[in-house]
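Peer 1: Before we start, here is the structure in question, set down as structure tokens.
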Amino acid sequence: MMKPKDAELLNGLALAYMGDAAYEQLVREHLLTNGQTKPNQLHRLATNYVSAKAQAWLIDALLEEELLTSEEIDYYKRGRNAKSYSKAKNTDGSTYNKSSGFEAVMGYLYLTKQEDRLHELIGLCISKVDKTLA
């Protein structure tokens, strides 16, 4: 388990790297649990949850609804403001930066073993996306 102090030493993009994997895994579990089994369909559906555009929309909603702690907001800002040397694919820089911030929050929660909180936030996000797909 990584201690919060150790997570504080990681840069925003390292946190986002881990958060991307943690978030996508739970999204994949959600899709499989709900009976989706065809690979092409799984990939297409997962994009609704894990694309930069979706993650930017989700983090905006979490912030607007004041669902993040002050500490989580700090990690969001760290990820959002991190200097990325790769180009955003299929989106603008602002959307890409917000999605990196979203992933940094998830990475921080995952690495510090705050599993209940991680599952709570991801559950909220999945629910929000599910409502748009219904």
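The values are calculated or read from the model by the stated rules, or taken from the named source; none is laboratory data. Just so it is clear, the model here is predicted, and its values are computed rather than measured. Cβ coordinates were reconstructed from backbone atoms using ideal geometry, including for glycine residues, and neighbour counts include every protein chain displayed.
Peer 1: Which of the residues belonging to region 80-107 are modelled with pLDDT under 95, over 14 Å from residue 58 (Cα atoms) and either in contact with a Leu (Cβ under 7 Å, 6 or more places away or on another chain) or among the aromatic types (Phe, Trp, Tyr) (or both)?
Peer 2: 82, 84, 85
Peer 1: Which numbered condition in (1) in a helix (DSSP H, G or I); (2) over 24 Å from residue 3 (Cβ atoms); (3) small (Gly, Ala, Ser); (4) in contact (Cβ under 8 Å) with a residue 24 or more places away in the chain is the only one that residue 19 fails?
Peer 2: That leaves (2) as the condition not met.
Peer 1: I'd like the residue in region 79-122 that is closer than 9 Å to residue 52 by Cβ and small (Gly, Ala, Ser) and, out of all such residues, is farthest from the chain's Cα centre (by Cα).
Peer 2: 88
Peer 1: On the given criteria, is residue 31 in contact with a helix residue (DSSP H, G or I) (Cβ under 7 Å, 6 or more places away or on another chain), assigned to a helix (DSSP H, G or I), more than 20 Å from residue 120 (Cα to Cα) and without any contact (Cβ under 8 Å) to a residue 24 or more places away in the chain? Spell out the reasoning first.
Peer 2: Working: in contact with a helix residue (DSSP H, G or I) (Cβ under 7 Å, 6 or more places away or on another chain): yes; assigned to a helix (DSSP H, G or I): yes; more than 20 Å from residue 120 (Cα to Cα): no; without any contact (Cβ under 8 Å) to a residue 24 or more places away in the chain: yes.
No, not satisfied.
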